[in-house]
Amino acid sequence: MMWLTNKAVQVGAIVLIVLAVLWKTYSLGGDHVRAEWEEERARVAQAHAEEVQRLEKINRRVEVRYMDRVRVVKEKGEVRVKYVPKYITKEDDSKCDISPSFVELHDSAAEGRLPDPSPSAEFDAGVAAPKLSEVGQTVVTNYNKFHEMRTQCEALQEWASSLSRGRERQVD
């Protein structure tokens, strides 16, 4: 019977050794996976920080260029507005009759809608006719706004293009 007890102790010891080896292997594997995970997290955090810096640089560059361009466009627009009375005098106002139908046509085009399909003489009779200088002022103001919006659109296109160029480099 003694040999049975020795056998049981030997088997128990072997089982304990096998369990200890399995536990250690499991722990080492977990530590390895955890280390890989931490390395990946650090790599992603670094890549994210670099991308944020790249985007901030693009944003600053485009914003500075845009602000300079808009300032120039607005300054030119203000000068153009000042020229309206020089180019369209009171004498020009008295010589030129602008029909209210023209105002309807102009305003509908500016608003992106269709004008009244059949303007009538009664329509023109009930509305005060604008002066040529008022029409000139409106046209100049509208074109100034157009140039501002065009400048903004160009800046947005430049910004989007800069973003996509950075992504293309990342893919390569």
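The values are calculated or read from the model by the stated rules, or taken from the named source; none is laboratory data. If you're wondering where the values come from, they're calculated on a predicted model, not measured in any experiment. Note that we place each Cβ from the backbone using ideal geometry, even for glycine, and neighbour counts take in every protein chain shown.
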Here the qualifying pairs (Cβ atoms under 6 Å; residues six or more apart or on different chains; first in segment 51-69 and over 18 Å from Thr151 (Cβ atoms); second of a type in the set (Gly, Ala, Ser) and in a helix (DSSP H, G or I)) come out as Arg54/Gly166
How many of the residues making up segment 71-85 are under 13 Å from Val140 (Cα atoms), surrounded by fewer than 14 Cβ atoms within 10 Å (Cβ to Cβ) and among the basic types (Lys, Arg)?
2
Residue that is part of a helix (DSSP H, G or I), modelled with pLDDT of 85 or more, surrounded by 10 or more Cβ atoms within 10 Å (Cβ to Cβ) and among the hydrophobic types (A, V, I, L, M, F, W, C), where the choices are Leu28, Leu55
Leu55
Is there any pair with a first residue in segment 97-112 that is in contact (Cβ under 8 Å) with a residue 24 or more places away in the chain and hydroxyl-bearing (Ser, Thr, Tyr) and a second that is part of a helix (DSSP H, G or I) and surrounded by 14 or more Cβ atoms within 10 Å (Cβ to Cβ) whose Cβ atoms are under 7 Å apart and which are 6 or more apart or on different chains, and what are they?
Ser99/Asp124
Can you tell me which of Leu105, Leu114 is loosely packed, with under 10 Cβ neighbours inside 10 Å, over 28 Å from the mean Cα position of the chain (by Cα) and within 30 Å of Thr151 (Cβ to Cβ)?
Leu114
Pick from segment 88-102 the residues that are farther than 15 Å from Thr141 by Cα and of a type outside the set (D, E, K, R): which of them is surrounded by the fewest Cβ atoms within 10 Å (Cβ to Cβ)?
Ser94
